[in-house]
Amino acid sequence: MEFEPSYIQSYKKGNLLDAVEKSWKILEECILCPRECRVNRLKGETGYCRTDATVLVSSVGPHFGEEQELVGRGGSGTIFFANCTLSCVFCQNYDISQLGHGRKVDTNELAESMLYLQSIGCHNINFVTPTHVVPQILKALIPAIEGELNIPLVYNCGGYESVQTLKLFEGIIDIYMPDAKYGEEKEAKKYSNVENYPEVNRSALKEMHSQVGDLIVKDGIAEKGLLIRHLILPYNLAGSFKVLEFIAKLSKNSFVNIMDQYRPFYIAHDYFLLQRRITHDEYTQVTEYAKKLGLKRGF
């Protein structure tokens, strides 16, 4: 049986249109992310993410540096949104997330970008840093579907997500790809300027998993499910063991990309403990602990 993305049925049933209407209502007093700034973005007000009702897109194109299950042969069709709800001092995409480099696009152009990525052979549409532009994405999906979009949608986020917002995507997003950045609140506050990250992240992961389940891969390409990323930081600043313990409780079949590519980007050099890359021993300790917990997919 040929794979059909979740959002097509949601569109046919009218659920997608309902989600669009609910999400745009939220913009009047924005609580899309857990910061709950409550600004009226429809009137041009901006909160922590520095974004009103318009969308800033930094780039659109096939990406070959993502997980192989997303990349395949044609690449993952990435749409990078400017600005972010987090302020990670080591962000490798800081020019996009922190400096806001991008250009304004309307929802019709956003839909055209999705169709373009599909037309050049990308295996999925990969929304990168989408949390603050959920309503615009949902609205753009309608003309995209009418233009015969039919590849999986990937929600590629920092893991600081509102369960209420995630519920808008139920039956629409095929693949959730969140970060699980921190196991301890202290480090999350210091290095990403965010309160309650571990608690919020765990609630978000539970909701994502309840919607799409463990990652399903067919013929080497991801079709549906949860793919979790965890970036190891020097001196165990990410609290990797606690992160993995939660993921293992969520599901032993979780697909976890335990990443070793930390570099002191952006303003990380201003923080003594972040000034170096991780060691081989630091990486091995985390991956061996993951195996001990019964995790086995993604690393």
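Sub-9 Å Cβ pairs linking a first residue in the range 258-276 that is touching a residue at least 60 places away in the same chain (Cβ under 8 Å) to a second residue that is loosely packed, with under 12 Cβ neighbours inside 10 Å and polar (S, T, N, Q), at least 6 apart or interchain, are Pro264/Gln275; Ala268/Gln275, ordered by first then second residue. Of the helices (runs of 4 or more DSSP H) entirely within the range 1-117, those holding at least 2 residues that are touching a residue at least 40 places away in the same chain (Cβ under 8 Å) and more than 20 Å from the chain's Cα centre (by Cα) occupy 6-13, 15-26. Of the residues in the range 268-282, at least one is more than 23 Å from Cys88 (Cα to Cα), modelled with pLDDT of 95 or more and outside any loop (DSSP other than H, G, I, E, B).
Please determine whether any residue of the range 125-138 is of a type in the set (Phe, Trp, Tyr), surrounded by fewer than 24 Cβ atoms within 10 Å (Cβ to Cβ) and touching a strand residue (DSSP E or B) at 6+ places or on another chain (Cβ under 8 Å). No.
Applying the condition of being closer than 23 Å to Tyr182 by Cα and among the acidic types (Asp, Glu) to the range 204-228 and asking which residue is surrounded by the fewest Cβ atoms within 10 Å (Cβ to Cβ) yields Asp214.
Note on the range 14-37: residues that are within 13 Å of Ala53 (Cα to Cα) and surrounded by 15 or more Cβ atoms within 10 Å (Cβ to Cβ) amount to 6. Among the residues making up the range 246-267, those that are crowded, with 21+ Cβ neighbours inside 10 Å and in a loop (DSSP other than H, G, I, E, B) are Ser254, Tyr262.
For (1) over 18 Å from Ala144 (Cα atoms); (2) modelled with pLDDT under 95; (3) of a type in the set (Lys, Arg), each residue gets a yes or a no:
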{"residue": "Ser6", "(1), (2), (3)": "no, yes, no"}
{"residue": "Asn15", "(1), (2), (3)": "no, no, no"}
{"residue": "Glu21", "(1), (2), (3)": "no, no, no"}
{"residue": "Ile26", "(1), (2), (3)": "yes, no, no"}
{"residue": "Ile31", "(1), (2), (3)": "yes, no, no"}
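Looking only at residues in the range 268-299 that are β-branched (Val, Ile, Thr) and closer than 23 Å to Gly225 by Cβ, the one that is surrounded by the fewest Cβ atoms within 10 Å (Cβ to Cβ) is Thr287.
The values are calculated or read from the model by the stated rules, or taken from the named source; none is laboratory data. Computed from a predicted model, the values in this text were never measured in an experiment. So basically every Cβ, Gly included, is an ideal-geometry build from the backbone, and we count neighbours across all protein chains shown.
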